[in-house]
Amino acid sequence: MADTLALIIGGTSGIGRAIALRLAAEGMRVTVAGRDATRGKAVAEDCRAAGAPDANFLPVDVADPASVEALSQAMPEAPHILVNCAGILQSGKRVLDQPLDEDERLWRINYRGTLVGAQVFGRRMGPGDAILNVGSLASFAPLSLPAYTPGKQAVKALTEILACELGPKGIRVNAVAPGFTLSDGLKAKIAAGERNPEAILDTTALKKFVQPEDVAEAALFLCSPRAASITGVTLPVDAGWLVQAPFAHYQRGNPIRG
């Protein structure tokens with residue numbers, strides 16, 4: 001797949017980095033984009049070591065649409081694969097206590113950043129190309145994250161709309177919805193006491209955290225020709241969190257006996 005060019009926006013750490021490395025291991029050319037040049041250049045170097053015939057870093061701030069346009073102008077060749085992975089996390093709070101500046105920042109990065117990336121590069125892509133957005137468990141469930149959750153549900157809806165709009169052009173649009181993934185962001189939340197790792201494990205069917213590499217495998221599949229007839233899908237990669245919660249709650253009132 002040396003002729004395939006993959007652009008990973010938000011590829012400087014965590015899930016984005018894992019996706020970049022996985023696509024590089026398939027022999028794709030990789031462009032990593034993000035705000036942190038030091039980390040981005042290091043990821044590009046790791047991609048070359050992983051098997052990418054060419055890998056580079058380009059700066060972008062998805063909160064600024066002009067920056068995304070500048071990224072496009074810096075790429076003379078349109079990507080065959082676009083991964084919209086830039087995003088920030090939120091700690092739990094009540095809707096009535098949600099600061100509006102925090103709400104605006106999360107929407108600007110998590111949703112509008114995905115929207116602008118799809119707009120700018122979707123105009124340049126063509127038949128056989130693929131766009132992958134990054135949703136969340138919050139795309140499916142009402143988590144107590146009153147800015148993050150609506151934004152990630154909007155990413156799911158955006159993915160479905162784009163699949164319909166771009167399908168006639170032969171462009172597939174899908175998303176992954178990672179569960180509790182041991183990314184740099186979650187590790188920091190755990191270290192700060194803002195997440196309870198034992199409680200999280202108990203909410204999953206597999207009693208495990210998702211690894212960034214697990215999400216990268218799903219991303220590779222959805223962006224590859226193996227998923228040639230799949231579009232408009234948001235695929236949970238969650239160690240069984242979405243099924244465990246209703247199952248466990250039901251079982252508390254209706255225990256299996258014998």
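What follows is calculated from the coordinates using simple rules that are stated; it is not laboratory data. Remember, it's a predicted structure, so these values are computed and weren't measured experimentally. Glycine also receives a Cβ, built like all others from the backbone with ideal geometry; neighbour counts cover every protein chain displayed.
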Exercise for the section: List every DSSP H helix in the chain whose Cα atoms extend 15 Å or more along the helix's own long axis and whose mean Kyte-Doolittle hydropathy is at least 0.0. Expected result: 14-25, 148-166, 212-223
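Taking the Cβ of ILE200 as the center, what net charge do the other residues with Cβ under 13 Å away carry, scoring Lys and Arg +1 and Asp and Glu -1?
+1
Can you check what the net charge comes to around ALA74, using other residues whose Cβ is under 14 Å from the Cβ of ALA74 (Lys, Arg +1; Asp, Glu -1)?
That sum, taken over residues with Cβ under 14 Å, equals -2.
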Exercise for the section: Please report the relative contact order for the chain, taking Cα pairs under 8 Å with a sequence separation of at least 6, and give it as a percent rounded to a whole number. Expected result: 18 percent
Completion exercise
Here, SER229 and GLU104, labelled 7 Å along Cα→Cβ, have an inter-label distance in nm of 4.8 nm
Fill in the blank from the handout: Within the chain, excluding any trypsin sites (Lys or Arg not before Pro) found in a DSSP loop (not H, G, I, E or B) and having at most 13 other Cβ atoms within 10 Å, the longest uninterrupted segment runs 1-93
Practice task
Assuming a ≥ b ≥ c are the square roots of the Cα gyration tensor eigenvalues, decide whether region 104-147 counts as rounded (a/c under 1.5), prolate (otherwise, with a/b larger than b/c) or oblate.
Solution key: oblate
Problem - Too-long pairs where the Cα-Cα distance tops 30 Å, listed order kept, from LYS169/LYS189; LYS93/LYS169; LYS41/LYS207; LYS152/LYS189; LYS41/LYS93; LYS169/LYS208 - result: LYS169/LYS189; LYS93/LYS169; LYS41/LYS207; LYS41/LYS93; LYS169/LYS208
Problem - Electrostatic dipole magnitude of region 180-258 [Cβ: Lys, Arg +1; Asp, Glu -1; Cα centre; debye, to 20] - result: 280 debye
Fill in the blank from the handout: Rounded to one decimal in nm, the spacing of the 7 Å Cα→Cβ label points at ALA188 and ASP202 is 2.8 nm
Completion exercise
Computed for the chain: size of charge dipole around the Cα centre, +1 on C-beta of each Lys and Arg, -1 on C-beta of each Asp and Glu, debye to nearest 20, value 500 debye
Exercise for the section: Name the residue farthest towards the positive end of the dipole of the chain from the options GLY128, PHE221, GLY34, assuming +1 on Cβ of Lys and Arg, -1 on Cβ of Asp and Glu, about the Cα centre. Expected result: PHE221
Problem - Proportion of all alpha-carbon pairs of region 94-211 beyond 16 Å (%) - result: 67 percent
Exercise for the section: With unit charges on the beta carbon (Lys/Arg positive, Asp/Glu negative), name the residue among ASN174, TYR148, GLN244 whose Cα is farthest towards the positive pole of the charge dipole of region 127-258. Expected result: GLN244
Practice task
Would you compute, from DSSP H runs of 4+ residues alone, the mean residue ellipticity of the chain at 222 nm, taking -39500 (n - 2.57) per run and dividing by the full residue count, rounded to the nearest 500?
Solution key: -13000 deg cm²/dmol
Exercise for the section: When a/c is below 1.5 the answer is rounded, else prolate if a/b is larger than b/c, else oblate, so apply that to region 163-258 with a ≥ b ≥ c taken from the square roots of the Cα gyration tensor eigenvalues. Expected result: oblate
